[in-house]
Amino acid sequence: MVTASKPVPSASSPRGDAGKPEPTLSVLERAARAVDALYRFLASLKLAVITLSSLAATLAYATFFESWYGTSASQEYIYRSPGFAILLAFLGMNILCAALIRYPWKKRQTGFVVTHAGLLILLAGSYVAVRTSDEGQVGMLEGEQRGELVRIDHPVIRVREIDPHANAVKAEFEIPFHPGPFEWGPGKPRDAGFFGRMLRLVSLGHLAPPTTEDVLTQKGDPFTFVVKEHLPASVPATVHVTDPDGAPMARLTLDFKAPGMPQGSDAFTSEDEHWFVLEKKFRRVVRNQRPAVIVFAQVDRQELVDDFLKPPELGTKGIARFRYQDAAGKPRTHDVAIEGLASGKTFPLPESKLTVEFREVSDLPTVSAGLDHVLGEDPIPIAIFAIRQDAGPPVTHMALANLPMVPNVIPAQEETTSKPAHPLCSIHYMTAPTIDPKTNGRFGQIEILAGPDGQLYERVYGRGKESTGTLRSSGPATKGKPIPAFGGGPNMPMTISFRVDDYLPSGIEKQIYEPVVLPKNQMGNGIAACRAVMTYNGQSKEIWLSRSESLDPPPPQHLTFGDTFFEVLYDVDRKPLGFTLKLEDFDTGYEPGTEQPTHFESTVLLTDKSAGINDNRYKIWMNHPLDYRGYTFYQTNYIRVRDPRTRQFTGQFQSVFQVATNPGRYIIYSGCILVVLGTFLQFYMRAGIFTDGGKRERDKNLKGKGLSVPAGKAATEGANLEL
């Protein structure tokens, strides 16, 4: 058996020389040694193990992170982060140095070299793809034509200055906006991401903390736009705030309690239903909340409050209450019952020079006029009178039932005069509500009145004789105090009560957006919204903006600064394709008895005038994309279209294509092919005809160390172990 012995020190190197100091190295030699040490570290197996382990751990975490927060979040926080780029750079340097340190390469190392070259090409292709690739979506309804790529991962704020006279856009500004995938705003600083948090940790907090707002405009822009809050998933909501230019509004609650119920139940199903906002022209709003009707109104004179609290006996046709000044200038009141009053009947107003001629009671159809939510009845009676002072011309007065804030004289020119007519008196036409469960389903009517002093009053009408309501109660209304309305009897065992929760003498409805907590695997599918402040000519206004649910632009929000008008949208970047696609047909199939789609495909017509192509027909379905001019169109999804006003589905479907262009993919494919080829060569050449398995190199190394060449298989294995 042959064994390798340790080399004996030569006589020219006596043991005593070991104690002598090493020669001093120059700066250049030290630098060379440092570079060589760094080079060997970059080529070492130790760095490869560390880098590959870190990469595997990062990719594993990224897989879970993407499933929790969506693709855009994983792209921003991991794949496109500086930390991931540094990790890939170390991997690339390790691969390159590991290959170069073995130069000159032997023939048997061909597979090794090819594999490492493929890995380097693969990394280079990935870098090119990140820098040059682009993707987005195209969505169409049947018959629609599109020629732009909707880049949903590149949000922008669009600001358009509008010329209201020409109804045209004077100027348009597209401001890039990168909000990130997580919520931020007041009390929630904008997350700088994993890499940013690590920098703050290393700097012991000396770096500037994350901000809670994003200034999108720059110095020199005609306006300033600052985003104060961002919600990655949101739903619209309405708030009611005080505004001097607004209208009166009140929040009411209607509780009903059936026999056996431990507590009452709210009749309103949403926050918006609780709020009653007056229409400025009529100062009244009505809602039919069966089995009751709720009325909210406002008056500006105390005598109208008195009419509300203590109305006269109204009968079936109602009472016309005339308010005027007598001959001595004192205020007077005179009631006239409309029932039995014949057309053309004249009568004087007591102690005055005014004569009234009754003409007729006509009906105003409220539904066709769009006023049923204001007036509450269809139709509503209008009493018409002609009033004359002494021998003067008659002035036509009209009184709408229970609408004392509507002027009695239309501001128009009378035929017999050359000047606009003025009212000679005021007329309050009061009628009792129609309450009949058999015809209109009503068991009562609840009314809230806002007086001129800001005080609230209530009155309740219940069922009376025939279908005419009877006044049950009236008086001041205190906010937060429940008021019994009706019910509890044998004919109506259910009890109904109401209360006034809030009242704004002058307010506006303002649309905002509230955050939505989505499941982790759905966090990338929310509708993003943001709260921003726009400043122009020293005036600032706050606005809420929301992304569109579909691929179409969202409806614009309008801002007015003096005589300047703007439209603002929270949109995405839209890139022209250079050609157009028209959706000719969209077909989808479902599992029997379910709404689970089994397949969907689109037939499109491609038109490219620059290439002389006109309406070329293609079919696109799953795993059968369309490739044209570097773009690949994949059939990925469809969107059920909602009506923007009613929020109801229209029955239409928007076919959605995922579109991608990646100039670096051929480099990536080449790298993958080389990796596979190199791996094959390594296994083939180690045991193939191109090599003896490294025997020649091992024999040469043994001879260089003064060892005898082992003979036979066992000796060779022993030499290998010793080496």
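Determine which member of the set Leu577, Leu545, Leu569 is closer than 25 Å to Arg160 by Cβ and touching a Cys at 6+ places or on another chain (Cβ under 7 Å). Matching residue, one of Leu577, Leu545, Leu569: Leu545. Starting from residues that are surrounded by fewer than 16 Cβ atoms within 10 Å (Cβ to Cβ), farther than 20 Å from Gln658 by Cβ and not small (Gly, Ala, Ser), keep the ones in region 64-86 and report whichever is farthest from the chain's Cα centre (by Cα). Checking each candidate, the answer is Ile86. Of all the criteria given as (1) at pLDDT below 90; (2) exposed (fewer than 15 other Cβ atoms within 10 Å of the Cβ), the one not satisfied by Lys170 is (1).
Residues being outside any strand (DSSP E or B) and exposed (fewer than 12 other Cβ atoms within 10 Å of the Cβ) are entirely absent from region 649-658. Evaluate the following for Thr636: is it touching a strand residue (DSSP E or B) at 6+ places or on another chain (Cβ under 6 Å) and of a type outside the set (Gly, Ala, Ser)? The answer is yes for Thr636.
Within region 552-590, the set of residues being in a strand (DSSP E or B), more than 30 Å from Gly612 (Cα to Cα) and small (Gly, Ala, Ser) comprises just one member, Gly589. Looking at region 374-393, can you tell me whether even one residue there is within 43 Å of the chain's Cα centre (by Cα), small (Gly, Ala, Ser), at pLDDT below 95 and in a loop (DSSP other than H, G, I, E, B)? Yes; the residues of region 374-393 include at least one that is within 43 Å of the chain's Cα centre (by Cα), small (Gly, Ala, Ser), at pLDDT below 95 and in a loop (DSSP other than H, G, I, E, B).
When residues in region 172-182 are screened for being assigned to a strand (DSSP E or B) and touching a residue at least 40 places away in the same chain (Cβ under 8 Å), 4 of them pass. Residue count for region 426-473, restricted to those that are part of a loop (DSSP other than H, G, I, E, B), in contact with a Lys or Arg (Cβ under 6 Å, 6 or more places away or on another chain) and within 24 Å of Ser362 (Cα to Cα): 1.
Those strands (runs of 3 or more DSSP E) of region 313-370 in which at least 2 residues are over 60 Å from the mean Cα position of the chain (by Cα) and in the same structural domain as Arg287 (by TED's automatic domain parsing), considering only elements entirely within it, cover 346-348, 354-364. Is it fair to say Phe347 is surrounded by fewer than 16 Cβ atoms within 10 Å (Cβ to Cβ) and of a type in the set (Phe, Trp, Tyr)? Here the answer is yes, as Phe347 does meet what is asked. Selection of region 394-405 for residues being within 12 Å of Leu354 (Cβ to Cβ) and either at pLDDT below 90 or part of a loop (DSSP other than H, G, I, E, B) (or both) yields only Pro394. Cβ-Cβ distances below 7 Å connect the following pairs, each with a first residue in region 616-641 that is closer than 18 Å to Arg665 by Cα, a second residue that is surrounded by 12 or more Cβ atoms within 10 Å (Cβ to Cβ) and hydroxyl-bearing (Ser, Thr, Tyr), and a separation of six or more residues or different chains: Pro625/Thr632; Pro625/Tyr634; Leu626/Tyr618; Gly630/Thr661; Tyr631/Thr661.
If the condition is being farther than 15 Å from Ala485 by Cβ and in contact with a strand residue (DSSP E or B) (Cβ under 9 Å, 6 or more places away or on another chain), then region 437-450 contributes Asn440, Gly441, Leu449, Ala450.
Residue count for region 504-551 satisfying the condition of being charged (D, E, K, R), surrounded by fewer than 17 Cβ atoms within 10 Å (Cβ to Cβ) and in a loop (DSSP other than H, G, I, E, B): 1. Selection of region 575-609 for residues being out of contact with any strand residue (DSSP E or B) (no Cβ under 7 Å at 6 or more places or on another chain) and either modelled with pLDDT of 90 or more or crowded, with 16+ Cβ neighbours inside 10 Å (or both) yields Gly578, Lys609.
Exactly one residue out of Pro519, Pro476, Pro556 is modelled with pLDDT under 90 and not assigned by TED's automatic domain parsing to the domain that holds Ala611, and it is Pro519. Residues in region 451-482 that are buried (at least 17 other Cβ atoms within 10 Å of the Cβ), of a type outside the set (Asp, Glu) and within 41 Å of the chain's Cα centre (by Cα): Gly451, Leu456, Tyr457, Ala477.
The values are calculated or read from the model by the stated rules, or taken from the named source; none is laboratory data. Because the structure is predicted, anything quoted here is derived from the model rather than measured. For neighbour counting, all protein chains shown are included, and Cβ atoms are generated from backbone atoms with ideal geometry for every residue, glycine included.
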